[in-house]
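The values are calculated or read from the model by the stated rules, or taken from the named source; none is laboratory data. Note that the structure is predicted; figures quoted are calculated from it, not measured. Note that each Cβ is placed from the backbone with ideal geometry, even for glycine, and that neighbours are counted across all protein chains shown. Please note that ligands, DNA and RNA were not included when accessible areas were found on the heavy atoms of the full protein model with its side chains. Shrake-Rupley method; radii C 1.70, N 1.55, O 1.52, S 1.80 Å.
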Amino acid sequence: MDNQYSVAVIGAGPAGLFGARELANNGVRVALFNRDVKAGGLAEYGIYLEKHTMKEGLRRQFRQALDLANIDYYGNISIGKNGDFTLEEIRAFGFDAVLVSAGAQGTKSLGLPGEELEGVYHAKDVVYSYNSLPPFSQRHFRFGKRAAIIGAGNVMVDIARYLITYQNVQEVTAVVRRGPAEVNFTKEEMKHLISYLDINEFEKEMARARPVTDAIGQDPEAGRQKILEALAKADPKIRDAKFRFDFLSSPAAMFGENGQLTRMEVEENILTEKDGKTSAKGTGKRHSLDVDTVIFAIGDQVDANFGLPAQWGEFEKSGEPKFPIEGLSYETTTRGVFVGGWSRKASEGLVGYARRDGTNAARAVLQYLQAQAPGGASAEAVAERMKGLRKPVIYKDDLKRLEAAEAEEAKKRGLEFFKFASNEEMLQAMGLLETA
Ligand SMILES: Cc1cc2nc3c(=O)[nH]c(=O)nc-3n(C[C@H](O)[C@H](O)[C@H](O)COP(=O)(O)OP(=O)(O)OC[C@H]3O[C@@H](n4cnc5c(N)ncnc54)[C@H](O)[C@@H]3O)c2cc1C
């Protein structure tokens, strides 16, 4: 039942959708603004392109949330300093609270020489592109024959798998700051890649790392096991390609010719240990990797242009929250503005985590609302403002038409799933763009 409170939720990824659902189920009227035409965020545009069953299961849950009568969806609407509305404008609509669940859209830059060269990319741009998110899907990437990926998590594994399987890259090197024991991927992901691991070279690399790991008393077998346990269920090789590790190395500089990357220098590290935490420390010694592509898979940070104060890649949270949930602060330093999911903690956890975090953020909002009378942004007034924009706004019915058109296209092409990869095609499929 409607309790006359109205809340703006910004971002319709898992955190925003489940947060909106929690609010709506408690009688709040929700205006859900989303930068992308489609809902789903990284569940739609990050999770590996072949995980159809997982993605379809999530889409089903997202549809159920969007079907709730007191959630209004406004897709293709970006909020922020450079967006269709600023955060201040959204607040001025008169919402009783704002929940920011816009993910972590900023990229971390290490500020290394050569980062501007063609062939140097950030992981999110690449995964957005192979998952058909405009405008990334229309951007040209230069994937050559030899690539290095900086990182040792599941995103590194997804990208290595994509480069080998879809881009015919012949050799992919994972550049890992610390040692084999600190890799962060799961065997469920690694099983898709491990058949490309050159075992002889892996053993040589393990031997190279050994004096450093021995020096801090790390068991070399633990690292080996962690990596090789994926072998038991390895996917078969479908290309003649090689995957390798470069442990105890950090990128130092990239070099190119005519603006195009040709090589990267990495600095070799030793390990130090303090209070059970292992850290890497550069030795000054470098070696070189001949690569034409480098992809940084080192996690993301929030968008500094969103309109909320940010520090160390995160939106600032109140250190003394009035409505903590499970001991965590969902409150920003701006009254009535809350954060959830990857907007609260960048690059943290899987969809299940974002779902719980978005739901908990909504619970914090609900507690905040209880302490005040409904002020009321009217849904009609918000809808009226949307009409005033000189661009197509995507509503729930449009999404249904888009889904039907994509299902039809998949059937025609004999595919398990099909996605339009440009806004123009999506708008046309929804009947929102005149055909030329
Ligand atoms: C490469 C990769 C692979 C992954 N694979 C898996 C996997 O296999 N399994 C799994 O469980 N998890 C996986 N994850 C993690 C999972 O995708 C995230 O945990 C989850 O999507 C985070 O949810 P979120 O809602 O906080 O943010 P996001 O999913 O990023 O959603 C943010 C939403 O906000 C919108 N938005 C952004 N900026 C604005 C703005 N300025 N104004 C309005 N709207 C905005 C976006 O359009 C988007 O819809 C993967 C992540 C990545 C990066």
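So who's got an amide H within less than 5 Å of the one on ALA253, skipping anything under 5 residues away but keeping other chains? H placed 1.01 Å off N, in plane.
Here GLU265 satisfy the definition.
Note down the nm distance, to one decimal, between modelled labels 7 Å out along Cα→Cβ at ASN168 and at ARG139.
2.4
Order these peptides, 333-340, 235-242, 221-228, by their mean beta-carbon neighbour count within 10 angstrom, highest first. Write down the numbers at each step before the final one.
Numbers: 333-340: 21.6, 235-242: 12.1, 221-228: 15.9.
The most tightly packed comes first, giving 333-340, 221-228, 235-242.
Quick one: Cα convex hull volume of the stretch 277-413, Å³ per residue?
Details: hull volume 36.3 nm³, N = 137.
For the stretch 277-413, the hull spanned by Cα atoms encloses 265 Å³ per residue.
How big is the stretch 86-238 along each principal axis, measuring the range of its Cα positions in Å and listing the largest first?
Per principal axis, max minus min of the Cα coordinates gives 62, 37, 37 Å.
So, R0 is 45 Å and r is the distance between the beta-carbons of ASP219 and ARG239; what FRET efficiency does that work out to, to 0.05? Intermediate values should be presented prior to the final figure.
On the way: r = 34 Å, r/R0 = 0.75.
Computed FRET efficiency for ASP219 and ARG239 comes out at 0.85.
Straight-line reach from LYS81: which lysines have Cα under 19 Å away, leaving out those fewer than 8 places along the same chain?
LYS391
Please identify every one of the GluC sites (Glu not before Pro) in the stretch 38-140 that sits in a loop by DSSP and has no more than 13 other beta carbons within 10 Å of its own beta carbon. Working shown, then result.
Numbers: sites: GLU44, GLU50, GLU56, GLU88, GLU89, GLU115, GLU116, GLU118; in loops: GLU50, GLU115, GLU116.
Passing sites in the stretch 38-140 are GLU116.
For LYS226, list the lysines whose Cα falls under 22 Å from its own Cα; do not include residues on the same chain fewer than 8 positions away.
Result set, ordered by chain and number: LYS187, LYS191, LYS204, LYS237, LYS242, LYS277.
Report Rg (one decimal) and Dmax (nearest whole number) for the stretch 8-64, counting Cα atoms only, units Å.
11.7, 37
Taking Cα pairs under 8 Å and at least six residues apart, what relative contact order does the chain come out at, in percent?
Working: 892 pairs, mean separation 94.7, N = 436.
Result for the chain is 22 percent.
In the chain, what % of DSSP beta bridges are antiparallel (nearest 5)? Show your work: numbers first, answer last.
Values: 26 of 63 bridges.
Close to 40 percent.
Can you give the Kirkwood hydrodynamic radius for the chain, in Å, rounded to one decimal and based on Cα pairs? Kindly include the intermediate steps, with their values, before the conclusion.
Numbers: mean 1/r = 0.0429 Å⁻¹.
Kirkwood radius, the chain: 23.3 Å.
Once neighbouring chains are kept in place and the probe is 1.4 Å, which whole percent of the accessible area of the chain is contributed by carbon and sulfur?
Working: 9730 of 20210 Å².
Percent of accessible area from carbon and sulfur atoms in the chain: 48.
Tell me, in nm to one decimal, what length is gained between GLU257 and LYS387 on full extension, where the rule is 0.36 nm per residue of separation less the Cα-Cα distance? Let's see the in-between values first.
On the way: separation 130, 0.36 × 130 = 46.80 nm, distance 4.94 nm.
Taking GLU257 through LYS387 to full extension adds about 41.9 nm, to one decimal.
Show me the ranking of peptides 293-302, 310-319, 278-287 by mean Cβ neighbours inside 10 Å, starting with the highest. Mind dumping the intermediate values first?
Details: 293-302: 23.4, 310-319: 15.3, 278-287: 13.0.
Descending mean neighbour count gives 293-302, 310-319, 278-287.
Modelled label-to-label distance, ASP198 and LYS285, 7 Å Cα→beta-carbon offset: nm?
Distance between label points: 2.1 nm.
In nm, what is the difference between 0.36 nm times the number of residues separating ALA207 and GLU50 and their Cα-Cα distance? Before the final figure, lay out the partial values.
Details: separation 157, 0.36 × 157 = 56.52 nm, distance 3.51 nm.
Additional length available on full extension: 53.0 nm.
Could you give the distance between the Cα centres of the stretch 132-155 and the stretch 327-361, to the whole Å?
The two parts, judged by their Cα centres, are 27 Å apart.
Using 0.36 nm per residue of separation minus the Cα-Cα distance, give me the extension gain between GLU229 and ASP397 in nm, one decimal. Before the final figure, lay out the partial values.
Working: separation 168, 0.36 × 168 = 60.48 nm, distance 4.66 nm.
Using 0.36 nm per residue and subtracting the Cα-Cα distance, I get 55.8 nm.
Might you tell me the accessible area per residue for the chain, computed with a 1.4 Å probe and given in Å²?
Details: 20210 Å² over 436 residues.
Per-residue accessible area for the chain comes out at 46 Å².
Using mean Cβ contacts within 10 Å as the protection proxy, how do 379-387, 69-77 order, highest first? If you can, show how the numbers build up before the last one.
On the way: 379-387: 13.2, 69-77: 19.9.
Ranking the peptides 379-387, 69-77 by packing returns 69-77, 379-387.
Excluding TYR166 itself, what net charge comes from residues whose Cβ is under 13 Å from its Cβ, given Lys and Arg +1 and Asp and Glu -1? Mind showing how you got there, number by number?
Details: positive: ARG161, ARG239; negative: GLU50, ASP158.
Neighbourhood net charge equals 0.
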